[in-house]
Amino acid sequence: MGCSGSTLATVGAPAVSSEHFFSRYNIEVEKKLGEGAFGQVCVAVDKSTQEELAVKIVDVCHRDEHGASSGAVCKNRDRLSRTEVDLWTRASGTDSEYIVKLHKSFAATPLYYMVCEKCQCSFMDRLVAAGSMTEIDLAMVFRHMLLALSHTHGAGIVHRDIKPDNFLWGGPGSSVLKLCDYGVAAAMPKTGKLKGVFGTAPYMAPEMLQNEGYDFLADVWSIGCVAYLLFFGNFPYSPSEVLREIRPECVQAPQARPTFRDILGLASTPHRLRASAPAVKKAIIEDKPPLSFPAGDCVAGSGAVDFTRWLLRRSAVERPTAAEALRHDFVASSSSCSL
């Protein structure tokens, strides 16, 4: 997905009708790009230019335990959607090519339409299709991720849900890795730190789970978790009972090096990740089993391991900012990607 700065409805703006959206765009429902609990992403065509874009449609109505809509607006979900539009607009205003650009947004309560750039494919899908990647490729991937994060943080925003699913390939020749989904993002307060637990359990920073308050460095930890996943084929904290649940083949054949398809299965099983979340969070909080970097399991060299260790410092004050991490030798000299 992606976006480009101007909006028709932002935080605090009056709602418009869905006709405003449909007067400018056609939705191609047969080309669904993604789906979640409260919305979906489809292809949208600009009627005036015939450009193919993407539209994220969010329904903010209350739903019962069976998923049926009550018709009444959920105030919390409505607030979160307005905040998402506001922060995504702000992130897009950095003019970073590494952030999916938001073009327009329409608040037609109970629906929100967020029109953004259409990317080619997800980060992990391309990894699976490629089958393998060089260390140079890995370095460029993390350079793009950190550039997206640096721009987001420069806009005063903590993303709070950094994970492989939230990076898409787009731009010229689909050669740019772009950050998307500001659904649980938050503006960093001028004083103090953020509170509350958000995101996906295996990527959560210790300080978030320990209720110490957190800032931009929680996102850096999450990038470290993505690096660990790609380099070691596992999450930094995966108690044995969690591995049996979310990737049983690792227990059955622990000597087998995971393929990118295995890693995709590990990183993209939401129901299993939710079921295992309490055990994973407990392991992160207690550092049990202790975080380790077994050299025999790593597919990359010492520079990649050192880079990952730096991002996964348990003490946030010892962790680099995204801008500082970009100066690490592993990513500093990367310039092209063959994926």
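How large is ³J(HN,Hα) for each residue in the range 99-109, as worked out from phi by the Karplus curve 6.51 cos²θ - 1.76 cosθ + 1.60 (θ = phi - 60°), to whole Hz, x for Gly and Pro?
Values per residue, Gly and Pro as x: 10, 4, 8, 8, 8, 9, 9, 10, 9, 10, 3 Hz.
Amide H of Ser175 versus every other amide H placed in the peptide plane: which residues, excluding those fewer than 5 positions away on the same chain, fall under 5 Å?
It is Gly170, by chain and number.
Taking neighbour counts of Cβ atoms within 10 Å as a proxy for exposure, in what order, fewest first, do Ile99, Ile136, Ile57 appear? Walk me through the numbers on the way to the answer.
Details: Ile99 26, Ile136 14, Ile57 20.
Exposure proxy ranking, most exposed first: Ile136, Ile57, Ile99.
Suppose the chain between Asn76 and Asp329 were pulled fully straight at 0.36 nm per residue; how much longer would it get relative to their current alpha carbon spacing? Mind dumping the intermediate values first?
On the way: separation 253, 0.36 × 253 = 91.08 nm, distance 4.34 nm.
Taking 0.36 nm per residue and subtracting the Cα distance, the gain is 86.7 nm.
Can you pick out the pairs among Lys32/Lys101; Lys47/Lys101; Lys163/Lys288; Lys104/Lys178; Lys118/Lys282 whose Cα atoms lie more than 28 Å from each other?
Values: Lys32/Lys101 19 Å; Lys47/Lys101 19 Å; Lys163/Lys288 22 Å; Lys104/Lys178 18 Å; Lys118/Lys282 38 Å.
Checking Cα-Cα distances, Lys118/Lys282 exceed 28 Å.
Could you work out the relative contact order of the range 72-231, using alpha carbon pairs under 8 angstrom and six or more residues apart, expressed as a whole percent? Don't skip to the answer; put the middle values down first.
Values: 228 pairs, mean separation 37.4, N = 160.
23 percent.
Determine, for Tyr113, Tyr25, the number of other Cβ atoms within 10 Å of each Cβ, and report the residues in order from fewest to most.
Numbers: Tyr113 26, Tyr25 22.
Starting with the residue having the fewest Cβ neighbours, the order is Tyr25, Tyr113.
Set Lys and Arg Cβ to +1 and Asp and Glu Cβ to -1, take the dipole of the range 18-116 about its Cα centre, and tell me which of Ser81, Val100, Val41 lies farthest positive.
After comparing all options, I get Ser81.
Every number in this text was worked out from the coordinates using simple rules, so none of it is lab data. These numbers come from a predicted model, not from an experiment. Virtual Cβ from ideal backbone geometry, glycine too; neighbours counted across all protein chains shown.
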